[in-house]
1. Surrounded by fewer than 10 Cβ atoms within 10 Å (Cβ to Cβ) and of a type in the set (D, E, K, R): is that true of LYS58 in this structure?
2. If you check every pair at least six apart or on different chains, which have Cβ atoms under 7 Å apart with a residue in the range 61-86 that is surrounded by fewer than 10 Cβ atoms within 10 Å (Cβ to Cβ) first and a residue that is part of a loop (DSSP other than H, G, I, E, B) second?
3. Which one is surrounded by the most Cβ atoms within 10 Å (Cβ to Cβ) among residues in the range 14-42 that are part of a loop (DSSP other than H, G, I, E, B), in contact (Cβ under 8 Å) with a residue 12 or more places away in the chain and not basic (Lys, Arg)?
4. For the range 24-38, what are the residues that are of a type in the set (Asp, Glu) and modelled with pLDDT of 80 or more?
5. For the range 57-74, give me the residue count where each residue is part of a helix (DSSP H, G or I) and basic (Lys, Arg).
6. Taking the range 75-100 as the region of interest, how many residues are farther than 23 Å from GLY9 by Cα and either assigned to a loop (DSSP other than H, G, I, E, B) or hydrophobic (A, V, I, L, M, F, W, C) (or both)?
Amino acid sequence: MQRIWLSSGERNGGTVIDGISALEVESAKSANAKCPALPARFQPVHLLNQIWIGSSEKAILQNLGKQNKASTIWTYIYYGKEREFSVTSIVAIHLQAGRVMAVDISHSTSD
């Protein structure tokens, strides 16, 4: 079972989704009013580049490349320019036994 949180930060005006977190949880942890289950019509959730809960370490390596140090949390950071804007993107992936267990992604632009 997955839990998914979408966020909209102050930096992007609070009107655009600029972050997503996903976590695999035991099915025994039932949904509740504060954290409802994702409706079946919206499942399965995935990103176009095969990075998501359940993805293999191999898929992460193929899409994002190797990390410099050994860890169960792989972090990828991008700082750059897009036209006249500064762009920051961060992807953090928690691996366990060669499989993605959690994903945190954020993206922001500023002038």
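The values are calculated or read from the model by the stated rules, or taken from the named source; none is laboratory data. Just so we're clear, the structure is a prediction, and the values are computed from it rather than from any experiment. Ideal geometry is used to build each Cβ from the backbone, glycine not excepted, and the neighbour counts take in all protein chains shown.
1. no
2. Pairs that qualify, where the first residue is surrounded by fewer than 10 Cβ atoms within 10 Å (Cβ to Cβ) and the partner is part of a loop (DSSP other than H, G, I, E, B), are GLU84/ASP111.
3. Among those residues, the one meeting the criterion is ASP18.
4. Within the range 24-38, GLU24 is the sole residue that qualifies.
5. Matching residues across the range 57-74 total 1.
6. Residues flagged as farther than 23 Å from GLY9 by Cα and either assigned to a loop (DSSP other than H, G, I, E, B) or hydrophobic (A, V, I, L, M, F, W, C) (or both) within the range 75-100 amount to 4.
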